[in-house]
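Here the structure is laid out as structure tokens; the discussion comes afterwards.
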Amino acid sequence: MLINREKMLGGGFEFSICWVIALPSEARPIISAFKLTKTDDEAVFPIYKNKGSGQLLIISGVGQMNAAAATSYICGRYNFPPWVAWINIGIAGYAEGPLGRLFQVAKVINESETRVAYPGFRLSKLVPLTTLITREQPCNDYNADTLYDMEGLAFAELASRFSCNELTFLFKVVSDSNAKQLRRIKPLYVEKLLTQNMRTIFLLVDEVKELVKEEKRRLDISNDVEIVLSKFHFSASRKVQLIQKYRRWKTAFPNTPFSEACANAKSAGDVIHTLDEMLTSAVFDRPSS
Amino acid sequence: MIDTIFIEQEILDHERTKVVLSRFPRSRRIIISRYQEIFNKRTQNFRLQKKQPALILASKHKNFVLPAPAGFGIGTEKNFYFSHMYNCLYDCRYCFLQGMYSSANYVLFVNYEDFYSQIETTISDNAEGRITFFSGYDCDSLAFEKISGFLKTTLPIFSGLERADLELRTKSVQLEPLLSMEPQQNCIVAFSLMPEELAKKLDNKAPSISRRIAALARLAERGWPIGLRFDPLIYSYDWKDKYERLVVSLLEILPNESVHSISYGPLRFPKKMYSEIFKLYPDEDLFSFSMKEADGIVSYGNGIEDEMSDFLLSQLSGVVSSDKIFQCLSQT
């Protein structure tokens with residue numbers, strides 16, 4: 001019931017980005033910068049959103065189990081379309097410092113290297129890329145040139161199923177390089193690390209939004225199709241046909257209103273037939289195209 | 001520009017790996033176990049990845065040389081292909097590579113010697129007659145040469161293989177090492193061609209047709225046997241006029257004796273591949289026209305295919321000997 005209600009609440013919401021963040025202190029700078037507000041308190045995990053920018057944020061808690069649960073929970077709750085980008089951002093250990101440096105993760109593995117993911121469209125013009133190891137427990141023996149966290153792998157594996165690999169992003173800020181620094185990590189310090197990277201994070205989000213737009217253009221089903229689907233009964237296979245033929249028709253005849261083209265259709269079959277008829281004249285490279 | 005190179009642990013110290021890496025001194029390098037762990041992942045988005053492919057350096061372990069699909073050939077009875085690379089620098093809308101792999105990243109196999117050894121085995125296993133090896137099946141044979149140096153080592157191997165021909169299939173105008181080597185009569189440089197107007201719309205990132213024609217003319221002048229590949233034939237508005245102009249411009253510039261072979265083939269896709277490519281590019285005008293599906297193959301249908309083939313042959317007849325012309329009916 002709750003899920004259905006939230007899905008309804010999500011109606012009309014132009015989803016673009018979903019943030020999955022382990023700690024409130026990691027989330028606060030994002031919530032503030034992107035003007036997200038808390039949704040109702042009934043949710044299992046704290047959820048924030050900004051309807052205008054199409055962003056949602058869920059605070060998962062620490063560890064892979066929590067990250068996986070929160071990712072699945074928010075996806076199910078809001079029934080995200082496949083063009084939504086997923087971002088996990090947070091702190092990570094790194095042997096070489098400097099503290100506060102922001103990375104994009106290009107490869108994430110578990111400690112035993114039995115699981116691996118290669119998330120994200122690489123935004124290497126904005127941030128350096130590196131490898132992340134997701135551990136079950138905090139630890140401070142760091143290999144060179146490798147980040148360490150406790151959520152990344154589970155997030156990458158799950159989020160890419162709901163969207164795609166290229167729209168699943170992991171960004172990590174170096175929080176510590178040794179045991180002493182690890183012990184010193186406090187919420188205010190974490191907030192500061194994220195806040196000092198906000199300028200780059202804004203640029204990253206702009207890039208991500210462009211990719212989301214491109215995917216939305218590719219995958220979104222037009223209102224024209226929705227109207228016809230509600231007007232006539234289409235079997236599952238005819239619905240697939242309609243979606244495909246409509247895209248081809250729209251490409252060939254971008255200026256013709258669909259309602260006009262199908263004005264005489266009295267059934268699903270008529271709509272398909274009309275499209276087929278028109279597409280026989282859609283020869284490639286014709287003068288009007 | 002390649003910003004990231006994934007390298008299999010096994011070939012980190014391979015000399016060829018070092019050479020390739022030296023071409024990209026500023027790239028990010030990431031070590032992987034096997035190339036399949038990144039290349040074959042199912043949740044990848046080919047279209048987004050194609051905007052910025054990474055390079056994967058790998059070692060191939062098996063299937064170095066495979067029989068060419070039925071209907072694919074330029075005169076010899078036995079045809080094989082090998083792929084030292086997967087994926088292409090270009091982004092041609094009709095290309096089957098878009099529906100073939102889930103990744104748009106380039107895979108380069110650095111163990112060329114294993115390919116050579118298997119090519120020699122294939123020749124000895126097929127004791128009689130000539131054999132053609134096709135190198136441009138899963139990639140463009142020339143486009144990556146500056147990085148891979150594949151031909152530079154492969155051509156000398158083939159110069160010693162008396163019963164074997166090598167076809168280099170390309171849209172590239174990068175002509176080294178061909179221009180600086182002595183031409184080999186068993187190495188056919190085959191250019192994929194279509195009317196300029198169509199190539200402008202479909203052969204994204206590839207050199208224009210006029211540049212390809214200029215390139216093949218230079219190679220012909222040097223003495224390399226040239227292949228002309230009208231595959232696929234694209235049905236379009238005014239197609240007869242477009243193809244006539246293309247053929248005329250080629251025959252004007254290319255001495256008849258330089259033409260090793262001409263092949264042509266219709267635009268055809270296995271149904272599943274067509275569906276994959278359409279999903280990637282649903283707004284591509286090439287796919288608007290109604291194509292037909294029969295026996296799991298999506299095509300223009302026999303009527304259009306035959307009309308286009310007949311027209312092309314009529315343009316070539318009397319100019320190019322018919323024993324140099326081959327129809328390619330492979331369905332990828």
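Since every read-out is calculated from the coordinates, none of them should be taken as a lab result. Since the model is a prediction, treat every value here as computed from it, not as a measurement. A quick note on method: Cβ atoms are made from the backbone with ideal geometry, for glycine too, and the neighbour counts reach across all protein chains shown.
Viscosity 1.567 mPa s, temperature 4 °C: Stokes-Einstein D of the protein assembly as shown from its Kirkwood Cα radius, in µm² per second?
So the translational diffusion coefficient is about 48 µm²/s.
A Förster distance of 56 Å, applied to the separation of the beta-carbon atoms of A:N264 and B:E15, puts the FRET efficiency at 0.20.
For B:S263, A:S230, B:S159, B:S288, the sequence from fewest to most other C-beta atoms within 10 Å is A:S230, B:S159, B:S263, B:S288. When the Cα atoms of chain A are aligned to their principal axes, the ranges along those axes come out at 76, 45, 36 Å in descending order.
When only alpha carbons of the stretch A:104-258 are considered, Rg and Dmax amount to 21.9, 68 Å. Here B:R26 and B:T153 are evaluated by their C-beta separation; at R0 = 30 Å the FRET efficiency comes out at 0.70. Taking the empirical scaling 2.2 N^0.38 Å for compact globular proteins as reference, the stretch A:110-185 has a Cα radius of gyration ratio of 1.15.
With 27 Å as the limit, write out which pairs from A:K51/B:K50; A:K35/A:K192; B:K50/B:K324; A:K231/B:K50 have Cα-Cα distances beyond it, or answer none. Correct reply: A:K51/B:K50; B:K50/B:K324; A:K231/B:K50.
For the peptides B:64-75, B:211-222, residues were scored by their other Cβ atoms within 10 Å and the scores averaged per peptide; the highest-first order is B:211-222, B:64-75. Of the residues B:W224, B:W239, the one with the fewest other Cβ atoms within 10 Å heads the list, and the complete ranking is B:W239, B:W224. In chain B, helical runs assigned H by DSSP with n ≥ 4 each contribute -39500 (n - 2.57); averaged across all residues and rounded to the nearest 500, the mean residue ellipticity at 222 nm is -9500 deg cm²/dmol. Summed over all non-identical Cα pairs, the Kirkwood treatment of the stretch A:223-279 gives a radius of 11.1 Å. Extending 7 Å from Cα along the Cβ direction at B:E293 and again at B:K62 yields two label points whose distance is 3.3 nm. Which distance in Å, rounded to a whole number, links the C-alpha centroids of the stretch A:226-286 and the stretch A:64-89? The stretch A:226-286 and the stretch A:64-89 have Cα centres spaced 34 Å from each other. Extending 7 Å from Cα along the Cβ direction at A:M65 and again at A:D220 yields two label points whose distance is 4.0 nm.
The distance between label points at A:R199 and B:S208 comes to 4.3 nm (points 7 Å beyond Cα on the Cα→Cβ vector). Sorted fewest first by neighbouring Cβ atoms within 10 angstrom, B:T170, A:T37, B:T153 come out as A:T37, B:T153, B:T170.
Which FRET efficiency, nearest 0.05, do A:A33 and B:S124 yield, Cβ-Cβ r, R0 51 Å?
0.15
Quick one: check the C-alpha center-to-center distance for the stretch B:303-324 versus the stretch B:127-141, whole angstrom. Answer, in whole Å: 24. Tell me which GluC sites (Glu not before Pro) from the stretch B:121-168 have a DSSP coil assignment and no more than 12 other beta carbons within 10 Å of their own. Answer by residue number: B:E128, B:E162.
Result for chain A in a Gaussian network model with C-alpha springs under 10 Å: among A:F15, A:F232, A:F34, the largest mean-square fluctuation is at A:F232. A viscosity of 0.692 mPa s and a temperature of 37 °C, combined with the Kirkwood radius over C-alpha pairs in the Stokes-Einstein formula, give the stretch B:200-275 a diffusion coefficient of 234 µm²/s. Taking every C-alpha pair closer than 8 Å and separated by at least 6 residues, the mean separation divided by the residue count of the stretch A:2-219 gives a relative contact order of 24 percent. For the peptide B:281-294, the mean number of other protein chain Cβ atoms found within 10 angstrom of a residue's Cβ is 6. Its Kirkwood hydrodynamic radius, worked out from the mean inverse distance over all distinct Cα pairs, puts chain B at 20.7 Å. Restriction of the trypsin sites (Lys or Arg not before Pro) in the stretch B:120-174 to DSSP coil positions whose beta-carbon has at most 16 other beta-carbons within 10 angstrom yields B:R130, B:R163.
Counting only Cα atoms, the size of the stretch B:271-332 along its three principal axes is 43, 22, 19 Å, in decreasing order.
Total lysine pairs in the stretch B:140-272 at Cα distances under 23 Å, for residues eight or more apart or on different chains: 13. Net length available on complete extension from A:S230 to A:A179 is 12.2 nm, with 0.36 nm assigned per residue and the Cα-Cα distance removed. Farthest towards the positive end of the charge dipole of the protein assembly as shown, among the residues B:L250, B:Y90, B:I2, is the Cα of B:I2, using unit charges on the Cβ of Lys, Arg, Asp and Glu.
The C-alpha atoms of chain A define a longest principal axis, and helix A:198-219 lies at about 30 degrees to it.
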